[in-house]
Amino acid sequence: MSNNDPIIEIEGLYTRFGSHVIHENISLSVYRGEILALVGGSGSGKTTLLRQMLGLETPAQGSVKILGHSRYDCGLELSRSLRNRSGVLFQQGALFSALNVYDNIALPLRELHCLPEEMIRDLVMLKLGMVEVAAEHANKMPAELSGGMIKRVALARALALDPELLFLDEPTAGLDPALSESFVKLIQTLRQELTLTIIMVTHDLDTLAAISTRVAVLADQRLVASGKLADIIKIDHPFIKDFFLGERGRNALRNALTLP
Amino acid sequence: MLSSNRSDDTSPWYQMIVEENVPCIKLTGSYTLAALDQELRKVSTRLTRFAAQSDLHWDLTGIQQMDHAGAILIWRAWGMHRPAYLSIRPEQERLFAHLEKVHPAPKPVRRDILWPILTLGRRYFLFWDHLIGIITLSGQVLLNVFYLIKHPNQIPLREISANLFRTGAQALSITALVGFLIGIVLSYLSSEQLHTYGADVFIVNILGMSIIRELGPMLAAILVAGRSGSSMTAQLGVMRVTEELDALTVMGIPHSLRLVLPKIIGLGIAMPLVVLWTSAIAMLGGILAADLQIGLNYQYSLSSLPDAVPVANLWIGMGKGVVCGMVIALIACHFGLRIKPNTESLGEGTTNSVVTSITAVIFIDAIFAIIFSNVGLKIAG
């Protein structure tokens, strides 16, 4: 498959909640192998846009195409296969609290109804190993896990089906710096091993600078810029200036851009 | 030599070739979960068969795409170790390196042999735990009442009135419907029997005594326990899940004062009124059915009601309402405050709350029946 094939295509998207306009004419394409970071102020509709890509919400107008198929009017079979080809890490993890860690990760695999149980066991333990969760935690319930652990188990579940497309909603929010660092490393390793396209919503400049290959900026209901981080920060826009060129932003960028 | 006509020598997944007199299996295609799908078991058994030949060369460089599921499939076919002759691409090498390090799954925790005794013991202690919890909570509420008597400006009036509206006013329609139907059924069944003996007029006594003293309060209490008790438990439970209870504690606002007390007082006031309402509608249904069924004039029924039923029965019914209302609210709050922050616990807590309060309501009824066995009953003879 050529690299110029957009894996996600959003065209002319409008979102309104009552009379409140969230998005105005947003068009955005995501290409295979990219790590796209969606940034924007609070209330700028980043999470809403992510949910529209996931098919959890429908925009007032415009189209969202995932892997070449429209998100909203494809049949049941197709919609199911599209969902199996993408994984989602929700902000709070969204682990099923009635199932233990092992069963949480095994659930999407069992739902395929084609894998033998021994293979599911190996896959689950492999994913747990990848996110660096020790095997003895496999029988714990989500309520017994710490916040960082929940994130990692949720990532393991998102990766259970080896998706081509991974959505991350604030992946490092609520993690301590060391955990964020290892999370970033993890994403980088995964990208080398699997052909992954990642779309993430984040506020964390360090994460953004470390792993994103492209940044899309949402402000004033529009997509004001999209491109490499180095190009984005040269754009003269009040939100971009505040976000990237404040003191914290400059620190994060200095580390990321000057050191190769 | 090439493809020696055996059907499983070629397939979209692999090719058997012989290079320089060395048998070689060349894997082709995409070894991904999406591509393998329903073929998976078939491919797996074929590859396992090939892996039995120890001199076979495995060539994985022809694989277009491989994910973890594909790697595990090949790894299991090999019998969890690398074959002697293997050519592989570096990114595949990394996948297999992961697999070599995979931990075995821990064994699920096995049940103790003594589990029936342990479960029984745990139940027993849990029962005492709940009982002590409820007594503690009611003690706390009592202390709050004393505190409020000293500081009357801190009485949570808004919360009490909100609870009155939610548990009282909003329960009127459902209790009326159920009461009316029960009244009709009761009257319909007993009036026919009485008619055979020519004792038509006694229908008023039967309806009056049973509805005002027993059925009205019990119907109302059971409906309210299911309706308001469950919602109170769920409300407190969700407040625990969203950490609102902790926020209140941190602000120095005691749960028992701001959340539990208004619910107990609110339901304590609303319940006798709901009882009165349910009894009235049930009587109405009964009298109406008697009029239609055996032609007993409704005006006669209404006028003879005060003679048939001593007014003490009404007070007993309403007294049951007050006690049941307060107990339902207390039990609902007790279970609500004990909910742990997960979905499982929320469901379990709500169920336990409703079951316990309905049981408690029936116990209270029995206690009232014993205490007031000499009050409000006309003993014949």
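The values are calculated or read from the model by the stated rules, or taken from the named source; none is laboratory data. The structure displayed is predicted, hence computed values, not measured ones. Cβ: placed from backbone, ideal geometry, glycine included. Neighbour counts: every protein chain shown. The protein model used for the area step is the full one, side chains on, heavy atoms only, and it has no ligands, DNA or RNA in it. Shrake-Rupley method; radii C 1.70, N 1.55, O 1.52, S 1.80 Å.
Listed values, structure above:
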read-out	value
Over the stretch A:1-108: Rg over Rh, Cα atoms, Kirkwood Rh	0.99
Dipole of chain B [Lys/Arg +1, Asp/Glu -1 at C-beta], most positive-end residue of B:F50, B:I281, B:L164	B:L164
Accessible surface buried once A binds B (1.4 Å probe; total of both sides; Å²)	2500 Å²
For chain B, size of Cβ-based charge dipole, Lys and Arg +1, Asp and Glu -1, in debye	760 debye
Mean separation of Cα contacts under 8 Å (6+ apart) over length of chain B, as relative contact order %	17 percent
FRET efficiency estimate (nearest 0.05) - Cβ-Cβ, B:T242 to B:R94, R0 45 angstrom	0.60
Debye, to nearest 20: dipole size of the stretch B:7-100, +1 on Lys, Arg Cβ, -1 on Asp, Glu Cβ	260 debye
Projected-area average for the protein assembly as shown over all orientations - Cα convex hull basis, square nanometres	44.9 nm²
Within-14-Å neighbourhood charge of B:L276 [Cβ basis; K, R +1; D, E -1]	+2
Charge-dipole axis of chain A as Lys and Arg at +1 and Asp and Glu at -1 on Cβ define it, positive-most pick from A:L67, A:L175, A:A252	A:A252
Helix B:115-150 axis, angle to chain B major axis (alpha carbon atoms, nearest 10°)	50 degrees
Percent of Cα-Cα distances greater than 15 Å, calculated over the stretch B:7-100	56 percent
Where only C-alpha atoms are counted, convex hull volume of the stretch B:119-370 per residue in Å³	156 Å³
Accessible-area order (highest first, 1.4 angstrom probe) of the listed residues A:D236, A:D176	A:D236, A:D176
Net charge of neighbours whose Cβ lies under 14 Å from the Cβ of B:A225, counting Lys and Arg as +1 and Asp and Glu as -1	+2
Computed FRET value (nearest 0.05) for A:S146 with B:I132, which takes r as the C-beta separation and R₀ as 35 Å	0.65
Trypsin sites (Lys or Arg not before Pro) within the stretch B:41-146, DSSP loop, no more than 15 other Cβ atoms inside 10 Å	B:K101, B:R110, B:R111
Cα centroid separation, the stretch B:48-104 to the stretch B:32-47 (Å)	14 Å
Shape box of chain A [Cα atoms, principal axes, largest first, Å]	55, 44, 39
Accessible area per residue in Å² at 1.4 Å probe, computed on the stretch B:7-100	48 Å²
Centroid-to-centroid separation of the stretch A:152-219 and the stretch A:91-106 [C-alpha atoms, Å]	19 Å
Stokes-Einstein diffusion coefficient of the stretch B:112-246, Kirkwood radius over Cα pairs, 20 °C, 1.002 mPa s, in µm²/s	108 µm²/s
Dipole moment magnitude, nearest 20 debye, the stretch A:80-193 about Cα centre, only Lys, Arg, Asp, Glu C-beta charged	240 debye
Among the listed pairs A:K46/A:K228; A:K151/A:K185; A:K151/A:K228; A:K127/B:K101, those beyond 20 Å (Cα-Cα)	A:K151/A:K228
B:S303/B:L181 FRET efficiency (R0 25 Å; Cβ-Cβ; nearest 0.05)	0.50
Proximal lysines to B:K263, defined as alpha-carbon separation beneath 25 angstrom and excluding residues fewer than eight positions away on the same chain	B:K150, B:K320, B:K340
Listed residues B:H151, B:H130 arranged by accessible area, highest first, probe 1.4 Å	B:H151, B:H130
Whole-Hz couplings from phi, Karplus 6.51/-1.76/1.60, listed for the stretch B:184-200; x for Gly and Pro	4, 4, 4, 5, 4, 5, 7, 5, 4, 4, 5, 4, 4, 9, x, 9, 3
Helix-only CD estimate at 222 nm, as mean residue ellipticity for chain B, using -39500 (n - 2.57) per DSSP H run (n ≥ 4)	-21000 deg cm²/dmol
The stretch B:7-100: relative contact order in percent, alpha carbon pairs under 8 Å with at least 6 residues between	28 percent
Surface accessible to a 1.4 Å probe, B:W128 within the full protein complex, Å²	110 Å²
Whole-Å distance, taken between Cα centres, linking the stretch A:30-57 and the stretch B:158-235	55 Å
Rg/Rh (Cα only; Kirkwood hydrodynamic radius) as it applies to the stretch A:142-250	1.00
